[in-house]
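Reading through the structure tokens given below for one structure.
Please treat every number below as a calculation from the coordinates, not as lab data. Just so it is clear, the model here is predicted, and its values are computed rather than measured. In this analysis, Cβ positions are derived from the backbone assuming ideal geometry, glycine residues included, and neighbour counts consider all displayed protein chains.
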Amino acid sequence: MAIADVARTLAHIPLLLKLKKELEPKPLELRHSIAAEVARNAAEHPERAAYSFEGTVINWRDFNALANRYAHTFAAHGLGRGDTASLFMENRIEFLAAIIALNKLGAVAGLINTNLTGRPLTHCITTTESKLCIVGEERVAALNEVKSELGLAEGRDYFFVPDQGADAPPNWARNLAAEAEAASTDNPQSQQETTLGDTAMYIFTSGTTGLPKAAVMSNRRYLTTATLAARGGLRLKPENRIYNCLPLYHATGLVVGVGAGIISGASTFVRRKFSASRFVDELREQGATHFIYIGELCRYLMHTPDGGRDADTPLHTMMGNGLRPDIWMDFKKRFGMKRIAELYGASEGNAGFLNFLNKDCTIGTTTFPVKLVEYNVHDDEIVRDANGRCIEAAPGTPGLGLIQVDENARFEGYTSSEATEKKVLRGAFEDGDCWFNTGDLLRTVDVGFSLGFTHYQFVDRVGDTFRWKSENVSTNEVGEILNMHPDVRIANVYGVEVPGADGRAGMAALVLAEGKDTLDIDTFSAHVNKELPAYARPVFLRIQKDLDVTGTFKLVKGDLREQAYDLDKVEDPLFVMLPGESTYQALTADIAARIAGAQAGF
């Protein structure tokens, strides 16, 4: 064991002890909130930059004032504590101000994925019983297509937020910017009444079945995670600058990135969308010291030409999830990373993992009780003993991750009690126990001297969800939509690996409707493009005569996943939708070779 490694690890002890005290669970009835932390920043360092976006810089005082104007405007229209407003807008300052405004009222922000259209979009707004819908100019067209199905009153229940100014507000929406202009900039009284136990937001997750589910995020869980990120992961100071280009409707960008900035008072450069070609230049231009990442972005960056000076930036620390061991060390060296705080968790999860100790190639550790249990990947089921109990996986071997649910690691679940119950295992090891099912395979890893903490690595997702383009994709949801096409009798959807890409691409095995000998590729492609966001569209198709099912009529996916789109193993017709294309085409040997060589653009 290297003495230097021991010394580096021991140096973390004072901060860990301080963090442990700061993270002790606070009573849910305590009056405190995300908005209260923003107001604190406005009071303590009003002139310090809070956010910069597309050339606009706003300090903490003015950001808090903007959120207050929005809050008073929403309150004047009857929105109050416990009410929900859906927020459908791309990354920008107004998006963040709207979230804080709702939090100041004790209301709930329903954060809608900006890729959604059609039925999934309708579902996300209606399932949370939203009383208002706040839409950015850039997403008006998508909302206009479904607003007749939302049960909201035109001209009253929609707020339009200008963006580039190219389009005027539609006649069915109020102009939030205009109405808020004369509103009070004072903190509303309701801000003092909001508690840690109040729900702050719904973050949608595909989950394992059905349409996207609204995961509940309380003020306490948001602030706990944000504090963990600010103090334990990023180790921020107010003078630091965060580079955040992740979608802010997801937890990594909004809770880890934005939350850490709120807790620390550091400023954040917000990007509407990620740009690999601009990354290094913007780090220098913005003076960014910290980066919020997902593994897919890191892989994109590694595919860009090496300028030879990519490490010559202010950046020294990054925090996020999904940085895989195969590129970890190369990325660290090329971009001069001193600290990588990889984390692992779920929007709805009751606890997570964090690489506090800056060890390489690990998602870190957790202080909560964790079990890794044997899982049969081929049959997609937990392995159980003769008594029906779970069996712990051997050290170093992949196992399904379970996190114990208790008062200190509460599972806040979803808005649906049925969906919430499906994510927990009861009686896993003994009568009366309760465990959150992560749906992921993890394994323990040796990281050297680690103060006695067990460290873990992410292995893969299991079951009916896979991850592609940084999004969780529900196979059942996609299958239901594919089944709506008249040529399809039944669709079996699963994830397959693609060389050079993170996660798994969607693949659908289709059995055609009675009397159909061929799939109408043009109409099927149009159906997929209309009904599914880009990340959820199956990349590969396989046309089968029949689908295999289990004795309980569950679709069999094990062999299909193993055969994937290998032309040597699959005799059925195969099709692919390549990046940048909108129509499926036959998978030829030439295209398959390009995919195998990571040359197809995925």
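When the inverse distances between all different Cα atoms of region 466-596 are averaged and flipped, the Kirkwood radius reads 14.8 angstrom.
Rounded to the nearest 5, what is the percent of antiparallel bridges among the DSSP beta bridges in region 280-359? Roughly 20 percent of the beta bridges in region 280-359 run antiparallel, per DSSP. Computed from backbone phi, the HN-Hα couplings of region 212-221 come to x, 10, 8, 7, 7, 10, 7, 4, 5, 5 Hz, rounded to whole numbers (Karplus: 6.51 cos²θ - 1.76 cosθ + 1.60, θ = phi - 60°; Gly and Pro given as x). Near the amide H of PHE466, within less than 5 Å, lie the amide hydrogens of VAL473, THR475, all on another chain or at least 5 residues away, with H placed in the peptide plane. Taking the Cα centre of region 31-342 as origin and assigning +1 to Lys and Arg Cβ atoms and -1 to Asp and Glu Cβ atoms, the resulting dipole is close to 1000 debye. For ASP5 and ARG339, the difference between the fully extended length at 0.36 nm per residue and the C-alpha to C-alpha distance is 118.8 nm. Compared with the alpha-carbon gap, the fully stretched path from LEU15 to ARG40 is longer by 6.7 nm at 0.36 nm per residue.
Protection proxy ranking for 517-523, 478-484, using the average of other Cβ atoms within 10 Å per residue and placing the highest first: 478-484, 517-523. DSSP finds beta bridges in region 466-596, and of those with both partners inside it, around 75 percent are antiparallel.
Rounded to whole numbers, the Karplus 3J(HN,Hα) couplings from phi for region 5-20 are 5, 4, 5, 4, 5, 4, 5, 7, 4, x, 5, 5, 5, 5, 5, 4 Hz, using 6.51 cos²θ - 1.76 cosθ + 1.60 with θ = phi - 60°, and x at Gly and Pro. With R₀ set to 35 Å, the beta-carbon distance separating ALA178 from ARG278 gives a calculated FRET efficiency near 0.60. For region 269-286, 3J(HN,Hα) computed residue by residue from phi via the Karplus equation (6.51, -1.76, 1.60; θ = phi - 60°) reads 8, 9, 10, 4, 8, 5, 9, 5, 5, 9, 4, 5, 4, 5, 4, 6, 4, 8 Hz, glycine and proline entered as x. For the peptides 13-19, 103-109, residues were scored by their other Cβ atoms within 10 Å and the scores averaged per peptide; the highest-first order is 103-109, 13-19. Relative contact order, whole percent, for region 13-139 stands at 23, derived from Cα pairs under 8 Å and 6 or more residues apart. Note on region 310-374 and region 506-544: Cα centroid distance 37 Å, given to the nearest whole angstrom. Each Cα pair under 8 Å and six or more residues apart adds its separation to the average, and for the chain the resulting relative contact order is 10 percent.
For LEU512, nonlocal amide neighbours, meaning residues 5 or more places apart or on other chains whose placed amide H falls under 5 Å from its own, are ARG489, GLN544. Here the chain carries DSSP beta bridges of which approximately 60% are antiparallel, counting only pairs with both residues inside.
The fewest-to-most ranking of MET302, MET89, MET329 by surrounding Cβ atoms within 10 Å reads MET329, MET302, MET89. Once the C-beta distance of SER148 and ALA168 is scaled by a Förster radius of 22 Å, the resulting FRET efficiency is 0.60 to the nearest 0.05. Okay, helix-only estimate at 222 nm for the chain: each DSSP H run of n ≥ 4 adds -39500 (n - 2.57), divide by all residues, round to 500 deg cm²/dmol; what do you get? For the chain, the value works out to -7500 deg cm²/dmol.
Under the criterion of Cα pairs below 8 Å and six or more residues apart, the relative contact order for region 277-381 equals 20 percent. Calculated over region 279-416, the projected area of the Cα convex hull averaged across directions stands at 11.8 nm². Give me the Debye-computed log₁₀ of I(q)/I(0) at q = 0.08 Å⁻¹ for the chain, equal point scatterers on Cα only, no solvent, two decimals. Cα-only, vacuum Debye calculation for the chain: -0.57. Note on ALA513 and LEU23: with the Förster distance fixed at 51 Å, the Cβ-Cβ geometry gives a FRET efficiency of about 0.40. In this structure, the residue pairs whose Cα-Cα separation is over 23 Å, taken from LYS104/LYS213; LYS104/LYS147; LYS213/LYS469, are LYS104/LYS213; LYS104/LYS147. By other beta-carbon atoms within 10 Å, ranking LYS26, LYS147, LYS131, LYS545 with the fewest at the front produces LYS545, LYS26, LYS131, LYS147.
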